Amino acid sequence: MKPEPFAPWQCPLCGEPLTGDTALKCGRNHSFDRAKEGYWHLLPVQSMRTRAPGDSKEMVAARRAFLNAGYYGIFGRALGELCLAYGVPTGADAPLHLLDAGCGEGWYDRCIAQAFAQAGRSVQLAGFDIAKPAVRLAAKALPAAKYAVASSFAQPVRTGWADLLLNCFSPFAQEEFRRVLRPGGRMIYVVPGAEHLYQMKAVLYDTPYKNPVQEVAYEGFRPIGEREVSGSITVPAGQLEALFAMTPYYWKTPRDGAARLAALPELTTDIAFRFLVFEKE
């Protein structure tokens, strides 16, 4: 039996399916070459609000160093387990079509790929992010996956391609998520838990607050599962800036709060993640 082609992409200009291994082409002859690192640029110039959207090269490198050091190990393990538990391919012999919307530098995907390899299960993993430096690193680190520079709000992904969609701390593009998931497909949406980085916020702000734990209903999706994992990490000064830069607080913290954090020799803080699982109705 011929293996199923791994073809997740559609043309960002006209919406027709893209085919090919290195150069991707659609029926209207729009063509996209693969970069030497192994990804495709599928974000049309007119959709780029800045010349370099998303995280900078420095922020991406800092995030990679932090994640590779294993601080979020409980997160990676839980994610792999949940993808195995909730990912259902279309047929018994078919690989699972997994789409990571807002993949960053690909650490989550490497955790998932490892979990599937250990379980002896087959997966076709595609991911995209708006930040080119992140996608470049992701593609180099996991050549078996397919990566593209793209926006969550105009995904260059074929309608109904994904069996399982992953969205970790990224913008929630509800209509596009519904479009790219097949009927009955699942989505794992990851948000911070109530206590996530509470001790870091206590350094940054005069009155720290817990993250709100919301039960949000999303039209077209029904909740089918939830899991929370939590723990504690001690981060040395050299990695604290990377952790800080991975959070939304990086952009909205007063300078004196950031200075207090930078002055610490290390910080012990809680980490907590909520994994919300939905099924497309």
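The values are calculated or read from the model by the stated rules, or taken from the named source; none is laboratory data. Only a predicted model underlies this, so the values are computations on that prediction, with no experimental measurement involved. FYI the Cβ positions are ideal-geometry reconstructions off the backbone, even for glycines, and counts take in every protein chain you see. Just so you know, the surface numbers come from the protein's heavy atoms only, side chains and all, with ligands and any DNA or RNA stripped out. Shrake-Rupley method; radii C 1.70, N 1.55, O 1.52, S 1.80 Å.
Quick one: in the stretch 206-219, which of the residues that are more than 21 Å from K252 (Cα to Cα) and without any contact (Cβ under 8 Å) to a residue 24 or more places away in the chain is most open to solvent (accessible area, probe 1.4 Å)?
Only one residue tops the list, namely E215.
Is it the case, given these coordinates, that R222 is modelled with pLDDT of 95 or more, open to solvent by 40 Å² or more (accessible area, probe 1.4 Å) and outside any loop (DSSP other than H, G, I, E, B)?
Spelling it out, R222 is indeed modelled with pLDDT of 95 or more, open to solvent by 40 Å² or more (accessible area, probe 1.4 Å) and outside any loop (DSSP other than H, G, I, E, B).
Applying the selection to the stretch 179-204, what residues are without any contact (Cβ under 8 Å) to a residue 60 or more places away in the chain and either over 15 Å from A101 (Cα atoms) or among the β-branched types (V, I, T) (or both)?
Of everything in the stretch 179-204, those that are without any contact (Cβ under 8 Å) to a residue 60 or more places away in the chain and either over 15 Å from A101 (Cα atoms) or among the β-branched types (V, I, T) (or both) turn out to be K201, A202, L204.
Any residue at all in the stretch 161-172 that's at pLDDT 95 or above and out of contact with any strand residue (DSSP E or B) (no Cβ under 6 Å at 6 or more places or on another chain)?
There is no residue in the stretch 161-172 that is at pLDDT 95 or above and out of contact with any strand residue (DSSP E or B) (no Cβ under 6 Å at 6 or more places or on another chain).
Among the strands (runs of 3 or more DSSP E) confined wholly to the stretch 50-149, which include 2 or more residues that are closer than 20 Å to P192 by Cβ and in contact with a strand residue (DSSP E or B) (Cβ under 8 Å, 6 or more places away or on another chain)?
Output list reads 96-101.
If we keep just the residues of the stretch 165-175 that are open to solvent by 20 Å² or more (accessible area, probe 1.4 Å) and touching a residue at least 60 places away in the same chain (Cβ under 8 Å), which is nearest to G220 (Cα to Cα)?
P171
Report, ordered by the first and then the second residue, all pairs with beta carbons closer than 8 Å, sequence separation of six or more or different chains, a first member in the stretch 20-42 that is free of Cβ contacts under 8 Å to residues at least 60 places away in the same chain and open to solvent by less than 70 Å² (accessible area, probe 1.4 Å), and a second member that is of a type in the set (G, A, S) and outside any loop (DSSP other than H, G, I, E, B).
These pairs meet every condition: A23/S31; L24/S31.
Go through the stretch 171-228 and count every residue that is of a type in the set (F, W, Y) and over 28 Å from F153 (Cβ atoms).
Result for the stretch 171-228: 3.
Report the residue count in the stretch 218-243 for those that are aliphatic (A, V, I, L, M) and under 21 Å from the mean Cα position of the chain (by Cα).
4
Can you confirm whether L243 is crowded, with 20+ Cβ neighbours inside 10 Å and assigned to a helix (DSSP H, G or I)?
For L243, the condition - crowded, with 20+ Cβ neighbours inside 10 Å and assigned to a helix (DSSP H, G or I) - is met.
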